[in-house]
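Encoded as C-alpha cells, the structure appears first; notes follow it.
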Amino acid sequence: TLEVDFVAEKDNRIHYFQVTASMMEEATFEREMKSLRNITDNYSKTVLTLDRFTTGNYDGIEVVNVVDWLLNQ
C-alpha cells in the first residue's frame with residue numbers, strides 16, 4: 001500500500017510531504033519516492049530528511065534537509 005505522510009493545503013494549493021530520517025539506502029530512497037511518483041497531479045512534492053547527501057530535485061520531487069527546510073519557513 002502506498003501512502004503519503006502529510007498533505008498540506010493552503011490557498012487552494014496542495015503540497016505532499018514524505019518524512020524519513022535518511023534516504024541513503026537505495027530501498028528507503030525508492031520507497032519514499034514511489035508514493036510521490038504515483039501522484040499524477042502537478043502539486044508540490046517534498047521529501048524531508050535528516051541526511052544531506054540525497055538532497056536535490058528528482059523529476060520534480062524536492063528532497064531537502066528538514067533542518068534547512070524548517071529554518072526557511
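The values are calculated or read from the model by the stated rules, or taken from the named source; none is laboratory data. Values in this document were obtained by computation on a predicted structure and should not be read as measured data. A quick note on method: Cβ atoms are made from the backbone with ideal geometry, for glycine too, and the neighbour counts reach across all protein chains shown. Just the protein is used for accessible areas: all its heavy atoms, side chains included, with ligands, DNA and RNA removed. Shrake-Rupley method; radii C 1.70, N 1.55, O 1.52, S 1.80 Å.
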Original post:
When both residues are 6+ apart or on different chains and their Cβ atoms are under 8 Å apart, which pairs have a first residue that lies in the range 1-27 and is farther than 12 Å from residue 49 by Cβ and at pLDDT 95 or above, and a second that is assigned to a strand (DSSP E or B) and open to solvent by 100 Å² or more (accessible area, probe 1.4 Å)?
Top reply: 15/9; 16/6
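Among residues belonging to the range 42-59 that are polar (S, T, N, Q) and in contact with a strand residue (DSSP E or B) (Cβ under 7 Å, 6 or more places away or on another chain), point out the one that is surrounded by the most Cβ atoms within 10 Å (Cβ to Cβ). Full working, then the answer.
Restricting attention to the range 42-59, the residues satisfying the condition of being polar (S, T, N, Q) are 42, 44, 46, 49, 54-55, 57.
Remaining after also requiring in contact with a strand residue (DSSP E or B) (Cβ under 7 Å, 6 or more places away or on another chain): 44, 46, 49, 54-55.
Numbers: 44: 15, 46: 19, 49: 25, 54: 20, 55: 16.
Among residues in the range 42-59 that are polar (S, T, N, Q) and in contact with a strand residue (DSSP E or B) (Cβ under 7 Å, 6 or more places away or on another chain), the one surrounded by the most Cβ atoms within 10 Å (Cβ to Cβ) is 49.
Identify, please: which residue in the range 1-41 is of a type in the set (A, V, I, L, M) and not in a loop (DSSP other than H, G, I, E, B) and is, among those, surrounded by the most Cβ atoms within 10 Å (Cβ to Cβ)?
To start, the set of residues in the range 1-41 that are of a type in the set (A, V, I, L, M) comprises 2, 4, 7-8, 14, 19, 21, 23-24, 27, 33, 36, 39.
In the following step, the residues that additionally are not in a loop (DSSP other than H, G, I, E, B) were identified as 7-8, 14, 19, 27, 33, 36.
Details: 7: 11, 8: 12, 14: 14, 19: 14, 27: 7, 33: 19, 36: 22.
Checking each candidate, the answer is 36.
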